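Please read the structure below before turning to the comments.
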Amino acid sequence: MAIKPVILTVDDDPEVLAAIARDLRSEYGKDYRIVRATSGNEALEAARKLAAQEQPVALFLADQRMPGLSGIDFLSEAASLFPGSKRALLTAYADTDAAIAAINRSHIDYYLLKPWSPPEECLYPVLDDLLEDWRAEYRPPFEGLRVYGVRWSPESYELRDFLARNQVPYQFHDVQVDAEARRKLEDLGHGAGCVPVVVFADGEKIPRANRQTVSARLGLSKDAGGKPFYDLIVVGAGPAGLAAAVYGASEGLRTLVIESDAPGGQAGTSSRIENYLGFPSGLSGQDLSRRAVVQARRFGAEILSPHEVTAVRAEGNYRIVRLGDGQEFVCHALLVCCGVQYRKLDKPGIEPLIGRGIYYGASLAEARPCSNEPVAMVGAGNSAGQAAIYFARFAKTVTLIVRGDSLEKSMSQYLVDQIAGVDNIHVKLHTEVAAAHGEGRLERLTLVNNQTQATEDLDSAGLFVLIGAAPRTEWLGDLVRRDGRGFVETGSAVAGKGWTLDRPPFLLEASLPGVFAAGDVRAGSVKRVASGVGEGSVAISFVHQYLAAL
């Protein structure tokens with residue numbers, strides 16, 4: 001019988017404690033064990049016993065005003081015992097300032113006001129979100145997918161990154177350094193030349209595994225249900241594409257989303273987004289993506305991933321997209337939300353070490369393997385700042401390489417402030433990567449000061465490049481106008497430039513009627529998660545107007 005995770009609640013008022021325990025048991029008793037305590041010290045002792053027994057704790061819910069150990073102090077202590085558990089504070093209105101400060105200082109996830117009646121409106125929706133987030137991150141005793149590979153292999157890295165971004169639990173065994181892993185691989189009938197090898201819980205094995213073969217086996221990659229025609233096809237499942245899927249499908253449009261990698265786009269790799277409206281303690285890019293995918297599918301949107309769109313053509317009022325495997329899908333309206341990719345570094349030694357210590361983007365899957373190693377990141381935007389803060393939890397040092405004279409010009413102030421408070425993050429301004437060195441893996445970087453031209457060597461086991469923004473629009477060919485950098489032009493930028501209709505183009509409409517663009521891929525867009533969500537949502541209004549006129 002599976003062990004129920006624990007919800008531990010503490011309050012020194014017996015009547016309040018009985019009421020909160022009653023409401024918790026009524027709503028969550030089927031799936032969780034409700035444990036209660038009458039003081040912070042008693043709750044801390046209970047938490048220590050649960051840790052000793054290796055019992056999972058999903059949520060701590062504590063009253064703030066308690067004699068001895070306050071709610072904030074208890075939750076801070078509990079975090080050291082169960083760092084993955086969710087922590088919420090029950091507080092009176094007069095203590096809200098302290099609760100907000102605790103979110104910033106002690107990383108408490110939420111606070112709830114007393115009284116919480118009715119719980120259906122004031123308690124359960126908040127706890128539902130917290131518990132769903134915990135379940136998404138919780139890793140029970142492992143009985144699932146195992147990957148045998150080599151850490152410094154590009155093929156192994158691509159597979160690990162794909163599994164992590166699709167939130168598929170797995171264990172990685174490095175056969176290059178782990179003799180036991182090599183022995184198990186040989187017992188499976190494979191040698192090192194077959195890696196990466198994926199072994200599923202039922203014993204099935206896939207040698208030389210890649211994203212496509214594993215995705216098909218996991219059921220992540222499917223044909224579009226035999227329906228070749230859609231009202232709307234969205235290319236790209238970043239924030240803009242997922243928002244469009246939610247609004248399009250919820251408003252009755254037959255909607256298909258095609259994603260080349262994993263839902264979430266670049267935002268999906270962010271370790272913590274703290275300035276997104278409605279999430280005062282922040283959320284990870286994976287959390288945001290997971291919620292959006294569930295929401296879109298709930299309304300009936302279909303999501304194909306990983307599938308690459310390689311071409312598109314127009315035939316009358318139909319827009320036809322072609323995938324890399326030869327499948328074709330037809331729609332009336334096409335929304336381009338394929339985002340951007342990081343700009344390449346063209347420096348000596350970089351190319352041979354890509355996937356062997358040098359990576360474009362900062363996959364969260366690489367953070368733990370970098371434990372106690374020095375790493376470096378190139379970039380001064382929010383993505384670089386978020387990655388630096390997250391990797392600093394594991395790496396020996398994180399060197400942030402910035403070619404400009406400050407972080408403030410391109411990074412949100414809250415991230416600048418956080419970076420300044422992390423001892424093992426070192427910011428190098430006016431600095432660029434001049435060369436990379438290593439035999440089979442990255443070992444060292446040569447940096448150059450772009451003002452003095454002075455060079456220095458920096459030991460580094462990883463280099464994560466998060467600079468620039470190159471749109472992924474080659475597949476559009478000459479179908480729509482793009483600017484000199486490849487971003488899709490829309491609205492007034494295409495009016496009078498081959499526009500064929502009497503009406504002016506809609507705000508997010510490209511030069512071909514019925515083709516729209518939203519998010520980072522659109523020329524002139526604001527490169528922020530919230531902006532992408534807004535544009536993806538607004539685009540559906542224009543799609544409706546376009547379809548109504550057909």
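Before moving on, here are some points about what is shown:
- Looking across the range 521-530 at every residue that is assigned to a helix (DSSP H, G or I) and under 19 Å from Ser271 (Cα atoms), the one that is most open to solvent (accessible area, probe 1.4 Å) is identified as Ala530.
- All conditions but one from (1) in a strand (DSSP E or B); (2) touching a Gly at 6+ places or on another chain (Cβ under 8 Å); (3) open to solvent by 10 Å² or more (accessible area, probe 1.4 Å) apply to Val416; the one that does not is (1).
- Residues of the range 73-93 classified as in a loop (DSSP other than H, G, I, E, B) and closer than 20 Å to Asp12 by Cα, total: 1
- Residue that is surrounded by the fewest Cβ atoms within 10 Å (Cβ to Cβ), among those in the range 444-463 that are in contact (Cβ under 8 Å) with a residue 24 or more places away in the chain and more than 20 Å from Ser406 (Cα to Cα): Asp459
- In the condition set (1) over 22 Å from Asp129 (Cβ atoms); (2) open to solvent by 20 Å² or more (accessible area, probe 1.4 Å), Ala37 is compliant with all but (2).
- Filter result (in contact with a helix residue (DSSP H, G or I) (Cβ under 9 Å, 6 or more places away or on another chain) and open to solvent by 20 Å² or more (accessible area, probe 1.4 Å)) within the range 75-85: Ser76, Glu77, Leu81, Phe82, Gly84
- The lone exception for Ala434 - which of (1) out of contact with any helix residue (DSSP H, G or I) (no Cβ under 9 Å at 6 or more places or on another chain); (2) under 26 Å from Arg393 (Cβ atoms); (3) open to solvent by less than 60 Å² (accessible area, probe 1.4 Å) it fails: (2)
- Sole exception among (1) modelled with pLDDT under 90; (2) under 24 Å from the mean Cα position of the chain (by Cα); (3) surrounded by 16 or more Cβ atoms within 10 Å (Cβ to Cβ) for Val198, by number: (1)
Conditions (1) within 20 Å of Leu335 (Cβ to Cβ); (2) among the hydrophobic types (A, V, I, L, M, F, W, C), marked per residue:
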| site | (1), (2) |
| --- | --- |
| Glu204 | no, no |
| Ala216 | no, yes |
| Val246 | yes, yes |
| Gly265 | yes, no |
| Arg272 | no, no |
| Pro280 | no, no |
| Ile303 | yes, yes |
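- The combined condition, being closer than 15 Å to Gly519 by Cα, open to solvent by 10 Å² or more (accessible area, probe 1.4 Å) and not hydrophobic (A, V, I, L, M, F, W, C), is fulfilled by Pro239.
- Among (1) touching a Pro at 6+ places or on another chain (Cβ under 9 Å); (2) among the basic types (Lys, Arg); (3) over 30 Å from Ile540 (Cβ atoms) - the single one Arg482 does not satisfy: (3)
- Subset of the range 246-281 that is without any contact (Cβ under 8 Å) to a residue 60 or more places away in the chain, in a loop (DSSP other than H, G, I, E, B) and more than 30 Å from Asn210 (Cβ to Cβ) - its residue that is most open to solvent (accessible area, probe 1.4 Å): Arg254
- With respect to the conditions (1) more than 16 Å from the chain's Cα centre (by Cα); (2) of a type outside the set (S, T, N, Q); (3) under 30 Å from Gln545 (Cα atoms); (4) not in a strand (DSSP E or B), Ala243 lacks only one, and its number is (1).
- Considering residues of the range 473-491 that are surrounded by fewer than 20 Cβ atoms within 10 Å (Cβ to Cβ) and basic (Lys, Arg) only, the residue modelled with the highest pLDDT: Arg481
- Index of the failed condition, Gly486 passing every other in (1) touching a residue at least 12 places away in the same chain (Cβ under 8 Å); (2) more than 30 Å from the chain's Cα centre (by Cα); (3) assigned to a loop (DSSP other than H, G, I, E, B): (2)
- Subset of the range 496-510 (residues that are surrounded by 13 or more Cβ atoms within 10 Å (Cβ to Cβ) and over 32 Å from the mean Cα position of the chain (by Cα)): Trp499, Pro504, Pro505
The values are calculated or read from the model by the stated rules, or taken from the named source; none is laboratory data. This structure is a prediction, so every number in the text was calculated from the model and none was measured. Please note: Cβ atoms are built from the backbone with ideal geometry, for glycine as well, and neighbour counts cover all protein chains shown. Heads up: the accessible areas ignore ligands, DNA and RNA and are worked out on the full protein's heavy atoms, side chains in. Shrake-Rupley method; radii C 1.70, N 1.55, O 1.52, S 1.80 Å.
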